[in-house]
1. Taking the stretch 122-156, which residues are acidic (Asp, Glu), more than 14 Å from ARG96 (Cα to Cα) and modelled with pLDDT of 90 or more?
2. Taking helices (runs of 4 or more DSSP H) that fall entirely within the stretch 24-104, which contain at least 3 residues that are modelled with pLDDT of 90 or more?
Amino acid sequence: MALLLPLLTALALLTCRPGGSLGCALPGSHAQVSRDNLVLLGQMRRLSPFLCLRARKDFRFPREMLEGGQLREAQAAAAVLQELLQQTFNLLHTERSSAAWSPVPLHGLRSGLHRQLEALDACLLQATGEGERAPGMHGPALAIKRYFQDIRVYLEDEGYSDCAWEIVRLEIMRALSSSATLQDSLAIKDGDLASS
């Protein structure tokens, strides 16, 4: 685990770039907030993952769907990133999550996710115009929603145990590090909005 956090932080550093092809620019601090979020998740560790091996579960994060070229339009990639951040924020903004983790890093993580969501919302609004609607809930964004529903069911089935929360913390780290790929894809898809 000690080696995993620096690796994920390096991944976020390499792939989170300000700007993008949505017709707007995410603030330069967006990449820093992503890195900070991963660090805060590392600080929230309360148990060794090795103590929780029996509680492991494969939540089947839809990585192939996100990385496999199914997000051809910048707006679709942004909608999926927005869903990932929003679902993470919602999961961490529950009474049970407050009881599971130390309040200082949890509050910092919630604040970071909130800042990222606000920046992405403003960017999407600027890109789509006030009269237009962003892409609806379908395909990859719906897969993200189902993924988080599975996490919620798992927590309930495990009685919100400390090990269940530790497994979920690691899963959130994995999901957020994958969001760096989505942010990178937004920077690559120049001109996609003009064709939509």
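1. If we filter the stretch 122-156 for residues that are acidic (Asp, Glu), which is where we start, we get 130, 132, 150, 156.
Now restrict to residues that are more than 14 Å from ARG96 (Cα to Cα): 130, 132, 150.
Result: ASP150, single match.
2. On the way: elements: 29-43, 63-67, 74-92, 95-100.
Where helices (runs of 4 or more DSSP H) fall fully within the stretch 24-104 and carry at least 3 residues being modelled with pLDDT of 90 or more, they are 29-43, 74-92.
The values are calculated or read from the model by the stated rules, or taken from the named source; none is laboratory data. A quick note: this is a predicted structure, and the numbers were derived from the prediction, not measured.
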